[in-house]
Amino acid sequence: MRSAPSRRTFLAGLCGLALPARLRAQERRVIARAAHQSWLGRRTVSFLCVEGAGSVAHILEGSDLGARHRPYGTFDIANALIALDLGVESGAQGAREWDRFRRPSAPHWPGIWRRDHTLASAFAASVLWYFQDMAVEVGDAYAAYLRRWGYGTAQGQGDAFWMDGTLEVSVTEQVGFLAALGAGALDVSTDASETVIAIAQDGSIAGVDVHGVSGAGPVYGRGFGGPYGGWYVGWMQPPGRAQLTFALYVEAVTYREIDGYGRAMSERLLAPIVSNTL
């Protein structure tokens, strides 16, 4: 079993991704937008994939890698890590009952949210009430973790801060955080990181297992009149290659334009990177 790099050593390797301008210190491989225009449509899309600690950066042409956005359901990764590290969650099969009076269902809720869940099943379906209940128990502990990880604005108050604009994170910050997680370079227990890595498994892309999560919601306020933002973020370990860590952010006028789009567009952009056919 390989030894994990220290957090300081690992993040030093990623420091070139802290600001978009500093990506010039890496080997930049720009993905031309023209080849994907039919998929992009009128959406605004930013995408970054780094190999290893950032020695190679694949960037979709025109991406704004430094702008911060609400993380939405992608925060489930950090949320679960913190709760597991603190002992608020006992493991992937730790269960919570849905309190329909405290967390009444809304018309837009998927049917799968309207039942009891384990951490693993709640993660798979991004069950908002589950992570809200968990957040109440974590409480004020969020800020210290988020500051240590350099996770966006590192603001964590209340039980919906990852959805309401209190917490925001950029594409580069998502990639830095996930790269450190995948490399075992975050200051959390081994059990916490291994549990999250396991429940984040999300099928495969180009024949390689991918660990990833989606997230979406309104860009402004709490309403549903649009525009909408969405993410797909994660990492992969192709055989004989450095870890690939990626984040895609999309904005569009309607929810329909982003629903499922992050995963689909990420697969389109990642496939040639995985197969070395760019």
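What to note about this one:
- For residue 213, net neighbour charge (Lys/Arg +1, Asp/Glu -1) across residues whose Cβ lies under 11 Å away: -1
- P(r) weight above 11 Å for the range 54-98, C-alpha pairs, percent: 78 percent
- The residue among 208, 195, 121 whose Cα reaches farthest toward the positive pole of the charge dipole of the range 96-229, with charges on the beta-carbon of Lys, Arg, Asp and Glu, is 121.
- Translational D in µm²/s for the range 23-70 (Stokes-Einstein at 25 °C, 0.890 mPa s, Kirkwood Rh from C-alpha pairs): 210 µm²/s
- Computed magnitude of the charge dipole of the range 133-253 (debye, nearest 20; Cβ of K, R +1, Cβ of D, E -1): 360 debye
- 10 Å binning of all Cα-Cα separations within the chain, expressed as whole percents from 0 upward: 7, 30, 38, 20, 4, 0
- In this structure, residue 100 and residue 42 have a Cβ-Cβ separation that, at R0 = 45 Å, corresponds to a calculated FRET efficiency of about 0.70.
- Loop trypsin sites (Lys or Arg not before Pro), the range 163-265, which have at most 14 other Cβ atoms in a 10 Å radius of their Cβ (DSSP): 222, 241
- Computed lengthening from residue 253 to residue 137, 0.36 nm per intervening residue step minus Cα-Cα distance: 38.2 nm
- Protection proxy ranking, highest mean first, for peptides 96-104, 65-73, 131-139, 110-118: 65-73, 131-139, 110-118, 96-104, where packing is the per-residue count of other beta-carbon atoms within 10 Å, averaged.
- Normalised contact order of the range 73-149, rounded percent, pairs of Cα under 8 Å and 6 or more residues apart: 38 percent
- When only the Cβ of Lys, Arg, Asp and Glu is charged (+1, +1, -1, -1), the dipole of the chain relative to its Cα centre reaches about 720 debye.
- 20 °C / 1.002 mPa s Stokes-Einstein diffusion coefficient of the range 168-278, Kirkwood radius on C-alpha pairs, µm²/s: 143 µm²/s
- Label separation (residue 264 vs residue 68): 3.2 nm, computed from points 7 Å beyond Cα along the C-beta direction.
- Length-normalised contact order for the range 211-278 - Cα pairs under 8 Å, 6+ apart - percent: 27 percent
- Pair residue 35, residue 222: separation of 7 Å Cα→Cβ label points (nm): 4.4 nm
- Three semi-axes describe the equivalent ellipsoid of the range 130-212; taken as square roots of 5 times the Cα gyration tensor eigenvalues and ordered largest first, they are 23, 15, 14 Å.
- Under the Karplus curve 6.51 cos²θ - 1.76 cosθ + 1.60, θ = phi - 60°, whole-Hz ³J(HN,Hα) for the range 57-71, x wherever Gly or Pro sits: 10, 9, 10, 5, 3, x, 5, 9, 7, x, 5, 9, 9, 4, x
Values in this text are rule-based calculations from the coordinates and carry no lab data. Just so it is clear, the model here is predicted, and its values are computed rather than measured. Using ideal geometry, Cβ is built from the backbone for each residue, glycine included, and neighbour counts are taken over all protein chains shown.
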